[in-house]
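First the structure, which I've put down as structure tokens, then a few questions once you've had a look.
Laboratory data are not the source of any read-out in this text; all were calculated from the coordinates shown. A quick note: this is a predicted structure, and the numbers were derived from the prediction, not measured. Methodologically, a virtual Cβ is constructed for each residue, glycine included, from the backbone with ideal geometry; neighbour enumeration extends over all protein chains shown.
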Amino acid sequence: AATFMEHWKRKQMRLNYRWDLTGFEEEEDHPRAEYEAKVLEKSLRKEHKHKETDKEKLTWKDRFPAYLTNFVGIIFMVGLTFAIVFGVIIYRISTAAALAISSTPSGRSSVRVTVTATAVIINLVVIIILDEVYGCIARWLTQIEVPKTDKNFEDRLIFKAFLLKFVNAYTPIFYVAFFKGRFVGRPGDYVYIFHSFRMEECAPGGCLMELCIQLSIIMLGKQLIQNNLFEIGIPKMKKFIRYMKLKRRRSLDHEEHMKKKQRYEVDYNLEPFAGLTPEYMEMIIQFGFVTLFVASFPLAPLFALLNNIIEIRLDAKKFVTELRRPVAVRAKDIGIWYNILRGIGKLAVIINAFVISFTSDFIPRLVYLYMYSENGTMHGFVNHTLSSFNVSDFQAGTAPNDPMDLGYEVQICRYKDYREPPWSENKYDISKDFWAVLAARLAFVIVFQNLVMFMSDFVDWIIPDIPKDISQQIHKEKVLMVEVFMREEQGKLHMLETWKDKDNKKGENCNNHSPRLSRSRSGSLSSCHSYPLDV
């Protein structure tokens, strides 16, 4: 991510030089029409109170209801996303319980695969639907704020849309990565939802594989459906609807319909250009998929590359054949999007550190290898991660229905956790091994985070923001400008010296005249000296 950001800064500088924007300063935008209307309305309300009023402007008091609506609306949308994720969790738990008591052996054997696949598909459909809803809500929330300029409007819209879509896209993945299987309890003291369903657990090997499956399906499905099919299908559908409406109107006027259409009349049937915000948002969300959880799905960058190769051509076709010609606007950078990219890059370091240390078994394996292994190998690691439970300690009604299901009576069960055995004084309490592993995990997070941050800053420092050839060219142009300026100044100085010499010569000629001639030609002496004063 750090290398990508440095590459983009150099690319941006190269584009600035190519399009002659190196010295470009964005002028202050004119106020938006909505803002001017609000200011006029405010001034009209105060007109009867103040005879002479300065130019009015909207203050935070005028915008307070809009700010409150924005805050409540965003909190509600985030809560809605969490509620939907919780609903999917309830679906997974209830479906797993229903399949576990199924009468067919195939249904019982494929519980985990069936529940995971269907839940991820539900998450994908919900994410795609809520993305469109959140985009409209973010625009409405920004409109009621009444920003002063178009730039302020765009920045606020981008921030709200990114916040809502970020939470919508990554909440199910965060749940699997950091919360699933953490609050299940233990045998004899399980955690239940609604007093009926046990909290779902990770597979015996951990949640890393399930996180990989969830991330791959959501990322690939979102790119295929939302980024590719919707980008081509929706403009075509809108174009067809607009064409049918125009055809219905023109059927009343046959002569107008038969007339040959101009180019601008044909282009009117195309979809209006809605700006580049959706295109940037796709890339930002994809950048998050590639960087935030790359430790669990290392193929994410490859699939992102393949998707972008296809999407470049789809976007080219959409801009040329499906959209009206956009109006070009000069800009020296990509604005707030760069700050969002930097923020995701910093956040990716922290999230990947926690994925490696808490979601995977990387740290427990290292702890066992260097602290508990007798022969320096991983032999006995699984047994080390399992705790013992006496079946006589089951709560009433939670024990297996048939104690002889395995053909013999079971006294001791094993489960994955670091707890004291039933024959210990503090049975089923957290063991010292748990705290040793937890300390190692936290130490890894701190070391990994600081090491990677240092490497990122080192990459940022060692790679110059401006390419060497561009900096040399800019320096050369500055030298040439200074030389041209000096030449102009020297030319002006030479011209002044020439005029001064002429003035001196004329003054000498006037002084060489005899007094009689001077008196006879009255005013000639003053005219000689008055000439250079005009210059």
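May I ask you to compute the full-extension gain from THR398 to GLU497, defined as 0.36 nm times their residue separation minus their alpha-carbon distance, rounded to one decimal in nm?
Roughly 24.8 nm would be gained on extension.
So, one more: What are the DSSP H helices in the chain that stretch 15 Å or more along their long axis, judged by alpha-carbon atoms, and whose average Kyte-Doolittle hydropathy comes to at least 1.6? Write down the numbers at each step before the final one.
Numbers: long enough: 2-18 (24 Å, -1.51); 33-46 (20 Å, -0.96); 60-100 (59 Å, 1.29); 111-145 (49 Å, 1.38); 150-174 (35 Å, 0.20); 208-221 (19 Å, 1.91); 230-250 (29 Å, -0.84); 277-292 (22 Å, 0.70); 300-317 (26 Å, 0.72); 336-354 (28 Å, 1.17); 432-462 (45 Å, 1.22); 468-511 (64 Å, -1.22); 524-534 (17 Å, -0.25).
Once both thresholds are applied, what remains is 208-221.
Past 20 Å, Cα to Cα, is the threshold; run LYS160/LYS236; LYS57/LYS151; LYS9/LYS468; LYS238/LYS317; LYS239/LYS261 against it and keep the listed order. Mind showing how you got there, number by number?
Working: LYS160/LYS236 28 Å; LYS57/LYS151 17 Å; LYS9/LYS468 13 Å; LYS238/LYS317 16 Å; LYS239/LYS261 17 Å.
Correct reply: LYS160/LYS236.
What are the lysines whose alpha-carbon lies under 26 Å from the alpha-carbon of LYS502, with same-chain residues fewer than 8 places away excluded?
LYS492
Would you please give the FRET efficiency between GLN472 and TYR415, computed as 1/(1 + (r/R0)^6) with r the Cβ-Cβ distance and R0 = 60 Å, to the nearest 0.05? Each step should come with its number before you reach the end.
On the way: r = 67 Å, r/R0 = 1.12.
With a Förster radius of 60 Å, E is 0.35.
Looking at the square roots a ≥ b ≥ c of the eigenvalues of the Cα gyration tensor of the chain, which shape do they give, rounded for a/c under 1.5, prolate if a/b is larger than b/c, or oblate?
Details: a/c = 2.90, a/b = 2.02, b/c = 1.44.
Verdict is prolate for the chain.
When ranked by the protection proxy of mean other Cβ atoms within 10 Å per residue, highest first, what sequence do the peptides 394-401, 277-284, 241-248, 447-454 form?
Peptide ranking by packing, descending: 277-284, 447-454, 241-248, 394-401.
Still on this structure, please answer the following. Taking K and R as +1 and D and E as -1, what net charge do the other residues with C-beta under 15 Å from the C-beta of GLU322 add up to?
Values: positive: LYS236, LYS238, LYS239, ARG242, ARG313, LYS317, LYS318, ARG324, ARG325; negative: GLU231, ASP267, GLU271, GLU279, GLU311, ASP315.
After counting each charged neighbour, the total is +3.
While we're looking at this one, here's another question. Sum up the charges of everything whose Cβ sits under 12 Å from the Cβ of LEU270, counting Lys and Arg as +1 and Asp and Glu as -1, but leave LEU270 out. Write down the numbers at each step before the final one.
Working: positive: LYS236, LYS238, LYS239, ARG242, ARG263, LYS318, ARG324, ARG325; negative: GLU265, ASP267, GLU271, GLU322.
Around LEU270, the charge tally is +4.
On to the next question. Is the shape of the stretch 31-201 rounded, prolate or oblate, going by the alpha carbon gyration tensor and its root eigenvalues a ≥ b ≥ c, with a/c under 1.5 for rounded and a/b larger than b/c for prolate? Don't skip to the answer; put the middle values down first.
Values: a/c = 4.64, a/b = 3.25, b/c = 1.43.
Because a/c hits 1.5 or more and a/b exceeds b/c, the stretch 31-201 counts as prolate.
Right, next: Between the stretch 378-438 and the stretch 311-372, what is the separation of their alpha carbon centroids in Å?
Value for the Cα centre distance between the two parts: 41 Å.
With runs of 4+ DSSP H residues as the only contributors, calculate the mean residue ellipticity of the chain at 222 nm using -39,500 (n - 2.57) per run, divided by the residue total and rounded to the nearest 500.
Values: 19 runs with 338 residues, N = 535.
-21500 deg cm²/dmol, from helical runs alone.
Another one. Cross-link list LYS11/LYS148; LYS61/LYS332; LYS61/LYS165; LYS245/LYS318; LYS42/LYS165: which exceed 26 angstrom alpha carbon to alpha carbon?
Pairs exceeding 26 Å: LYS11/LYS148; LYS61/LYS332; LYS61/LYS165; LYS42/LYS165.
Test of understanding: what is the full-extension gain from ILE334 to ILE144, defined as 0.36 nm times their sequence separation minus their Cα-Cα distance?
65.9 nm
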